[in-house]
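Read-outs throughout are calculated quantities, based only on the coordinates presented, and are distinct from any laboratory measurement. The shown structure was predicted, so the numbers you read here are calculated from the model rather than taken from an experiment. Reconstructed Cβ throughout: ideal geometry from the backbone, glycine too, with neighbour counts over all protein chains shown.
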Amino acid sequence: MTARRRGSVWAAAVRTPVGACSAVLLAVVVVLAVVAPLVWGDGAAAIDTDAIGQGPSGAHPFGTDSLGRDLLLRTLVATRLSIGLAVLATAIGVGTGVVLGTLPSVLPRWAGRLLVAAVDIAVAFPGLLLALFFAVIFGVGTQGAVLAIAFAMAPAFARLVQTLSASVSGRDYIAAARIAGVGRIRLLARHVLPNIGEPLVVNATIGAGSSLLAFAGLSFLGIGVQAPDYDWGRLLREGLDGIYVSPVAALAPAAAVVLAGLAFNLVGETVAAVVGVRTRATRRAA
């Protein structure tokens, strides 16, 4: 497909209601992640002993916390850490999943079968349960939470890579490459992975939304981001401590998690639609 054709497909996708909504939400999230700590960082950290635990007001639309800090500003500033950690965990999880998914075709037969069986067992467990298991292993904190969520995502992507690789391995060009004497590693890098990249990108985009929710859950449970740093999950936990006094305190971080997760999922749906159109167009051309 030519560059002009690809551009027209993306433009048509963005003009749809789902595409437009996903583009706007993602743009807002990215801009806040970049700008908010620079603009409102000092205001979010400012302690006001005269405004401790206040409810919504003109000066503080979502109230203040136990130290008098503005909850709206803290929610906006937490966008960078929340989104950055979710994207980092997704990148590590996808990379690990690709490695685990392609290793069975490189390893000896017995080792490949053993690895496939281990992936099958891991996929049988819920992702959040795996994340909690790995969080106990890696310890409390930001680094442990990133690795826990990444390794919890890896089995699902490994299974996806195995399934997609199996569907591609029977193609004629793969057989021709094998007859030509192309090695296994070069065959994976040159012929298999490039032809399964689009479904991986779609699932990685949607997986970033799930990673964001999982990260907020770990921080809410107290095993994710630790003080003095804060993300949306930690702010939600702090807001729920006083929910009977000021229910609005938990509204801002909760709404931020929902909107950011919705942005990633809608972007994934848009990318999936574009990839589907491109795949059908390629097949018609062939």
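Shown for the chain are the DSSP H helices of 24 Å or more along their axis, judged by Cα atoms, with a mean Kyte-Doolittle hydropathy of at least -0.5: 17-45, 71-102, 142-168, 197-221, 251-285. A crude spin-label estimate for the pair Leu240 and Trp110, with each label 7 Å from Cα along the Cβ direction, gives 4.9 nm.
Give me the percent relative contact order of the range 22-123, please, defined on Cα pairs under 8 angstrom at least 6 residues apart. The value is 22 percent. Build a GNM of the chain with springs between Cα atoms under 10 Å apart, and of Pro37, Pro228, Pro126 the one that fluctuates most is Pro228. Measuring r between the beta carbons of Thr163 and Leu262 and using R0 = 25 Å, the FRET efficiency lands at 0.35.
The modelled label-to-label distance for the pair Ser66/Val30, using points 7 Å beyond Cα in the direction of Cβ, is 3.8 nm.
The order of Val146, Val168, going from fewest to most other C-beta atoms within 10 Å of their C-beta, is Val168, Val146.
Less than 5 angstrom separates the built amide H of Asp65 from those of Gly53, Leu71, all sequence-distant by 5 or more or on a different chain.
Ranking of Arg190, Arg237 by neighbouring Cβ atoms within 10 Å, starting from the fewest: Arg190, Arg237. The packing ranking of peptides 14-21, 78-85, highest mean first, is 78-85, 14-21, where packing means the average number of other beta carbon atoms within 10 angstrom of each residue.
Here, P(r) means the percent of Cα pairs in each 10 Å bin from 0 to the largest distance; for the range 84-239 it is 11, 36, 28, 16, 7, 2, 0.
Relative intensity of the chain on a log10 scale, I(q)/I(0) at q = 0.07, 0.13, 0.15 Å⁻¹, equals -0.34, -0.96, -1.14, per a Debye sum over C-alpha point scatterers of equal strength in the absence of solvent. Compute a Gaussian network model of the chain, connecting alpha carbons closer than 10 Å, and tell me which residue from Asn195, Asn203, Asn265 fluctuates the most. Of the options given, Asn195 has the highest mean-square fluctuation.
Among Ala148, Ala33, Ala166, which one shows the biggest mean-square fluctuation in a GNM of the chain, springs joining Cα atoms closer than 10 Å? Top of the fluctuation ranking is Ala166.
Per DSSP H run of at least 4 residues, take -39500 (n - 2.57); add these up for the chain, divide by its residues and hand me the 222 nm value, nearest 500 deg cm²/dmol.
Working: 11 runs with 210 residues, N = 286.
It comes out at -25000 deg cm²/dmol, rounded to the nearest 500.
Annotation: the range 64-126 has a Kirkwood hydrodynamic radius of 15.0 angstrom, from the mean reciprocal C-alpha pair distance.
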